[in-house]
Structures are given as structure tokens and as C-alpha cells.
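Read the structure below first, then the notes.
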Amino acid sequence: MLRSLAIISLLIMGGVFIYVIEDMPPIGNPENPPHVHVVPRYIEKAEEETGVPNIVTAILANYRGYDTLGETTVIFTAGVSVMILFQRWNK
Amino acid sequence: MSEKMVESVVARTISRIIIPFIQLYGIYVITHGESSPGGGFQGGVILGTSIILFGIVFSLNTTKKWISKKILILFMSLGLLIYSGIGAIDMLFGGKYLEYGKLPLPLHSPEMSALSILMVEIGIGLCVMSTITLLFIFLAGEKSGTRMDSWEI
């Protein structure tokens, strides 16, 4: 029962995705939405606003600073949880 | 305390020669993350890998003697503290959280931002390096039957 339900929902979702493929922007087109929204601003202004020549680092550490802080917290939390789990495990 | 060391002389000699270079390369990747590909995450993993290589080739107990759990936990927390502390310092001097460029230094805003980004990368590198090392030592110690209690804090 559950298995057939899973297969049916998979088929429906797959059909929806295949139907939507036509509306996807072509790969590599410079007019695509991600390339016209904020990217020109980054390319033009990243160095004079953040002072680093590497645009990836500028976005990672300055424009998306919160995101990177969250990533670091995730890594820290992973380390702490493994530590706590394995110390409990051995007692 | 059983010594589990790789027997091969070649592996031991090569890794003894190559580990300092791996660490140097990791520091290079962290500190030059502003101007070339790389950054805190990548450099931190490279630094952690050098310690993992040491732990594989020489015994795990030697690694535990060489680097203590306290130091690793300290570095892990210190890295995160550097990152969030820089954000808090920006807030103290009238900026938004993580808005670089408000520090009371005689620098222009982009230079201050570059300095803050370097500090942030170093913080990320510390955190990632010690987390990777800690994960390896904990999991490897579990596998080879070494008790975690034997790793002195």
C-alpha cells in the first residue's frame, strides 16, 4: 500500500518536472534570470566595495556573511555533537 | 597501549618530509583566499588532512600525545568566536552585524573590509581544521578499540 503510494507520487512528481522542463532557461544564455539580477552589480562593484579582488570570496565573506557564519556554526555543531555522542557511548 | 604504526619505511619517511609542506600550503590557501581560489574551508581541510596523515602513518597514540583534545576544542570555539566577534565589534562601533568597515582604524572602508575578511577566513580555517582532526581522532579511536577516556584533556 505504502509502496504503491510512493510510486504513484513519484510518477506524479516526475511528470510535473518533465512538463516544466520546457520552461527552463537555456543553459549558458547570458539573459538568464540569475545572470541579470545581482551578478552585474557584483562583477562591477565587488572589488571597490569589499577590497578583495576575488569575487567569490567577496560574496562568501561579505555579501553573504550570515550564510557563511551559519556554515561555520554547522561544522562546529557537527564536531561538538560527535564529541558528546562518542564520550557518552564509551561510558 | 598498543602502537599501531605503518610498517613501511617509505611511507613514514615521505610523510615526515611532506607534512610540513602540506601545512604550509594550507596556510597559504587560507591567507590568500582573498586574491586566489581557496579560503577558510579549503585551507582548513588541507591543514586537518596533514594531521590525519600523521595519525594514519604514525600511531594514533602519538597523535594524541602531540595534539591534545583541549587544544582542538579551544581552536574550534576560537574560530567561531573570531567570526562572530568581528560581527559584534562592527555592531559596537555603530554598524550592522557583520557590516565590515566600521572599525576604528585609520583605513578606508574597502581595506578594512579586506582585513575583516582575512580575519574571518582565519577563523573559519581554525574551526574547520580542528573539527576535521577531532572527527578523525574520535572515529578512528572508536574503530581500533581505543577508549576515548584514555585521551587526556
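No lab work stands behind these numbers, since they all come straight from the coordinates. All figures in this text were calculated on a predicted structure; none of them were measured in a lab. Positions of Cβ are generated from backbone atoms using ideal geometry, with glycine treated the same way; all protein chains shown enter the neighbour counts.
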Practice task
Using a 10 angstrom cutoff on alpha carbons, build the Gaussian network for chain B and name the most mobile of B:Met112, B:Met76, B:Met129.
Solution key: B:Met112
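Considering every residue in B:71-84, what mean count of other chain Cβ atoms within 10 Å of its Cβ is obtained?
2
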Practice task
With θ set to phi - 60°, apply the Karplus curve 6.51 cos²θ - 1.76 cosθ + 1.60 along the stretch A:11-20 and write out the HN-Hα couplings as whole Hz, x wherever there is a Gly or Pro.
Solution key: 4, 4, 5, x, x, 4, 5, 5, 5, 7
Fill in the blank from the handout: Ranked output for segments A:37-48, B:81-92 by mean other Cβ atoms within 10 Å, highest leading, reads B:81-92, A:37-48
Handout entry: Euclidean distance of C-alpha centroids, the stretch B:22-36 and the stretch A:20-50, integer Å
Key = 29 Å
Practice task
For peptide B:31-37, compute the average count of partner chain beta-carbon atoms within 10 Å of each residue's beta-carbon.
Solution key: 4
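Could you tell me the calculated FRET efficiency between A:Val20 and B:Lys96, based on Cβ-Cβ distance and R0 = 35 angstrom, to the nearest 0.05? Can you show the working numbers first?
On the way: r = 38 Å, r/R0 = 1.09.
Working from the Cβ atoms, E equals 0.35.
Using Cα pairs under 8 angstrom and six or more residues apart, how large is the relative contact order of chain B, in percent?
Normalised by residue count, the contact order of chain B is 29 percent.
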Fill in the blank from the handout: Residues B:Ile124, B:Ile67 in order from fewest to most other beta-carbon atoms within 10 Å are B:Ile67, B:Ile124
Handout entry: Karplus 3J(HN,Hα) series, Hz, for the stretch B:14-19 with 6.51 cos²θ - 1.76 cosθ + 1.60 (x for Gly, Pro)
Key = 4, 6, 5, 6, 8, 4
Problem - Within a Gaussian network of chain B (alpha carbon springs, distance under 10 Å), most fluctuating of B:Phe58, B:Phe21, B:Phe41 - result: B:Phe21
Exercise for the section: Would you mind ranking A:Thr68, A:Thr73 so that the residue whose beta carbon has the fewest other beta carbons within 10 Å leads the list? Expected result: A:Thr73, A:Thr68
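Please compute the contact order of chain A in relative form: average sequence separation of alpha-carbon pairs under 8 Å and at least six residues apart, divided by the residue count, as a percent. Before the final figure, lay out the partial values.
On the way: 22 pairs, mean separation 8.8, N = 91.
Value for chain A: 10 percent.
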Completion exercise
Taking Cα pairs closer than 8 Å and at least 6 residues apart, the relative contact order of the stretch B:50-106 in percent is 17 percent
Exercise for the section: Let me know the charge dipole size of the protein assembly as shown about its Cα centre in debye, to the nearest 20, where only the beta-carbon of Lys, Arg (+1) and Asp, Glu (-1) is charged. Expected result: 1320 debye
Practice task
Going by C-beta contacts inside 10 Å, put A:Ile27, A:Ile59, A:Ile8 in order with the fewest on the left.
Solution key: A:Ile27, A:Ile8, A:Ile59
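Please give the average number of partner chain Cβ atoms lying within 10 Å of the Cβ of each residue in B:38-45, rounded to a whole number.
On the way: counts 3, 6, 6, 5, 0, 0, 2, 0.
Average per residue, whole number: 3.
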Completion exercise
Computed ³J(HN,Hα) along the stretch B:128-133: with the Karplus parameters 6.51/-1.76/1.60, θ = phi - 60°, integer Hz and x for glycine or proline, the list is 5, 4, 6, 5, 4, 4
Practice task
Taking only Cα atoms and a 10 Å spring cutoff, compute GNM fluctuations for chain B and point out the largest among B:Gly26, B:Gly55, B:Gly95.
Solution key: B:Gly95
Exercise for the section: Along Cα→Cβ, 7 Å out, is where each label goes; now give me the distance between the ones at A:Leu5 and B:Ser68 in nm to one decimal. Expected result: 5.6 nm
